[in-house]
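Single-structure report; data block below.
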Amino acid sequence: MDPWGHLAGHFGIDLGTANTVVCHPVRGVVLNEPSVMVVSSGTKRNQTMKPLLVGRPARELMGRTPLGMTAVRPLHDGVITDLESGRTFIVAILRKVALKPMERVRPRAIIGVPAGANAAERRVLIEAAGKATIGRASLIPEPIAGALGSGLNPLGNRAHLVVDVGGGTAEVTGFCFGGILASRSCRVAGDEMTLALHHYLRQEHQILVGELTVEDLKLRVRDEQGGAMVVDGLDAGSGRPKQITLRTEEAIEAIRPTSEGIVQIIAACLEELPPQAVSDVMQDGVLAFGGGSLLRGFDTLLEDAFGLPVHIAARPLTCVAEGAALCFDYPDVVRAYGG
Ligand SMILES: Nc1ncnc2c1ncn2[C@@H]1O[C@H](COP(=O)(O)OP(=O)(O)OP(=O)(O)O)[C@@H](O)[C@H]1O
Ligand SMILES: [Mg+2]
């Protein structure tokens, strides 16, 4: 007997700039990997791409790809810019998640798309999915999927405000009763936070460190209780190996200014909401998700700026894909917000 019944080959997909998450309506999260591929540098435009590595192993090679190989990120600012790399990436992730051959036969997908994506960007995503042999692809705005995946009802008559801080972009969206009330985005998110820490290390400690090392330091700030972290890199002047100690407080302070852009788009969105919706948000608070929301102190920073409660989603990195998969059970949500 087929334990997944009619839902075999149904997937909720969050194609993020930094990470791609795939969720099956019954099996739960089946893939959570960096959105990176390593391809042969010889691949010409319009030629079928064959990835050498996909996801985690590809990311591990970033910054150290040998000659003849290139690391490709198929998404920029949450959308596919190159049809062929988008197609190749979707084919590769479907191959990883489809356990049985029948799941590969024209699977169905509900794919998250930034609320601010335009018609052309949506079309490219649908086209890439079609070329990747997805039988039927529907789109759902990522903030709506993330809200649904975190237990909110996007069809209810109370207004909600959600903040999604991803790798490349932060998006703030207000919605109510099946419709979007306001949406803003900015290009300041997780990657920019990493960059801020990178600059700080170079300026204040005269040390150069690789991209992966800085990102790792940023992630460690969350768990490092009042301590310090040892950082290995190269002396910015002499190029010799160098080791320093970075206090977590320093790291937090170095990253903090990047949150200013996010505060501004929240303010702009709140201004656009009708008064009744603002009072719902003041009472219920803001829901934050996306990896950037995990930065230590992110919730209190927003609470201090706006005087309203901020709730970090229970699963900030996977709730968009989980919500997209839930949409198979709530087709009204796709009908109301999709397209
Ligand atoms: N504990 C953490 N502390 C700080 N930042 C974190 C943490 N965990 C993940 N991040 C950051 O979150 C970002 C990735 O978040 P996420 O996976 O939500 O992005 P994405 O959905 O791929 O991107 P986008 O939504 O922009 O397309 C990265 O910049 C990563 O460094
Ligand atoms: Mg995202």
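The values are calculated or read from the model by the stated rules, or taken from the named source; none is laboratory data. Keep in mind that what you see is a predicted model, and the values were worked out from it rather than measured. Neighbour counts run over all protein chains shown; Cβ positions are idealised from the backbone, glycine included.
In segment 283-297, the residues that are farther than 11 Å from P309 by Cα and more than 10 Å from ligand 1 (Cβ to nearest atom) reach residues that are in a helix (DSSP H, G or I) and modelled with pLDDT under 95 with C-beta atoms within less than 7 angstrom, at least six apart or across chains, in these pairs: G297/I252. In segment 196-253, the qualifying residues are those that are assigned to a helix (DSSP H, G or I) and among the hydroxyl-bearing types (S, T, Y), and the one that is farthest from T65 (Cα to Cα) is T248. For segment 177-186, the criterion of being among the hydroxyl-bearing types (S, T, Y), in contact (Cβ under 8 Å) with a residue 12 or more places away in the chain, touching a helix residue (DSSP H, G or I) at 6+ places or on another chain (Cβ under 6 Å) and within 16 Å of ligand 2 (Cβ to nearest atom) is met by none of the residues. In segment 56-68, the condition of being of a type outside the set (D, E, K, R), on the phi > 0 side of the Ramachandran plot and either buried (at least 16 other Cβ atoms within 10 Å of the Cβ) or part of a helix (DSSP H, G or I) (or both) is met by no residue. Residues in segment 128-165 that are farther than 30 Å from L273 by Cβ and free of Cβ contacts under 8 Å to residues at least 12 places away in the same chain: G130 alone. Can you find even one residue in segment 35-49 that is assigned to a strand (DSSP E or B) and at pLDDT 95 or above? There is at least one residue in segment 35-49 that is assigned to a strand (DSSP E or B) and at pLDDT 95 or above.
The single condition from (1) of a type in the set (G, A, S); (2) modelled with pLDDT of 95 or more; (3) within 16 Å of ligand 2 (Cβ to nearest atom); (4) out of contact with any Pro (no Cβ under 7 Å at 6 or more places or on another chain) that A137 fails is (3). Just so you know, in segment 85-138 the residues that are surrounded by fewer than 21 Cβ atoms within 10 Å (Cβ to Cβ) and of a type in the set (S, T, Y) include one that is farthest from the chain's Cα centre (by Cα), and it is T133. Just one residue in the set E271, E249, E303 is within 30 Å of L208 (Cβ to Cβ) and either out of contact with any strand residue (DSSP E or B) (no Cβ under 9 Å at 6 or more places or on another chain) or free of Cβ contacts under 8 Å to residues at least 40 places away in the same chain (or both); that residue is E249. Quick check on my filter: what residues within segment 49-62 are more than 21 Å from the chain's Cα centre (by Cα) and over 15 Å from R87 (Cβ atoms)? L52 - this is the single residue of segment 49-62 that is more than 21 Å from the chain's Cα centre (by Cα) and over 15 Å from R87 (Cβ atoms). Which residue pairs have Cβ atoms closer than 9 Å, lie 6 or more positions apart in sequence or on different chains, and pair a first residue in segment 313-327 that is within 11 Å of A147 (Cβ to Cβ) and part of a helix (DSSP H, G or I) with a second residue that is aromatic (F, W, Y) and near ligand 2 (Cβ under 10 Å from one of its atoms)? What qualifies is C319/F289; V320/F289.
Among the residues of segment 103-133, the ones that are in contact with a Lys or Arg (Cβ under 7 Å, 6 or more places away or on another chain) and of a type in the set (A, V, I, L, M) come to 3 in all. Within segment 19-38, one or more residues are away from ligand 2 (no atom under 16 Å from the Cβ) and closer than 22 Å to D77 by Cα. Taking (1) touching a Gly at 6+ places or on another chain (Cβ under 8 Å); (2) more than 16 Å from ligand 1 (Cβ to nearest atom); (3) part of a loop (DSSP other than H, G, I, E, B); (4) not aliphatic (A, V, I, L, M) in turn, T17 satisfies each apart from (2).
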